[in-house]
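Every number in this text was worked out from the coordinates using simple rules, so none of it is lab data. Note that the structure is predicted; figures quoted are calculated from it, not measured. Note that each Cβ is placed from the backbone with ideal geometry, even for glycine, and that neighbours are counted across all protein chains shown.
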Amino acid sequence: MVAVQAVGQVVLLVAVGHGSPALLFLGAAVAGVGGGAFYPLFAALARAYFGEQSVEVHGLVYSAKAVSGVAAVLTTRRGFPVALLAAAALSLFAAAL
């Protein structure tokens, strides 16, 4: 599902480049489905893999999301194409893991 999120981010990049509202909507929908579908899977996988420590893992992941939000704000200062390419690359890296 994270690879689907990466595809959505690339579609968003193309939409920003072409100024297409339809592609922007499509990219947001695909990225949202890919990213949003991962969270229930993450909770189940963390519980199965880490057992009782899964609560600590959730805290670590959501703390990392806060740090990545700050990093995203800093990255967008270089322009949306850089931010979207970085997000797509990180999503593909996560999918490969």
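Contact order normalised by length for the chain, with contacts defined as Cα pairs under 8 Å and 6 or more residues apart; what percent is it?
Relative contact order comes out at 40 percent.
Cβ neighbours within 10 Å, averaged per peptide: list 25-33, 77-85 in order, most packed at the top. Show your work: numbers first, answer last.
Values: 25-33: 16.3, 77-85: 14.3.
Put in order of decreasing packing, that is 25-33, 77-85.
Scan [x] 24, 16, 11; [y] 39, 19, 9; [z] 28, 16, 10 for the value of semi-axes √(5λ) of the Cα gyration tensor in Å calculated from this model and give just the label. Recomputing semi-axes √(5λ) of the Cα gyration tensor in Å here picks out [z].
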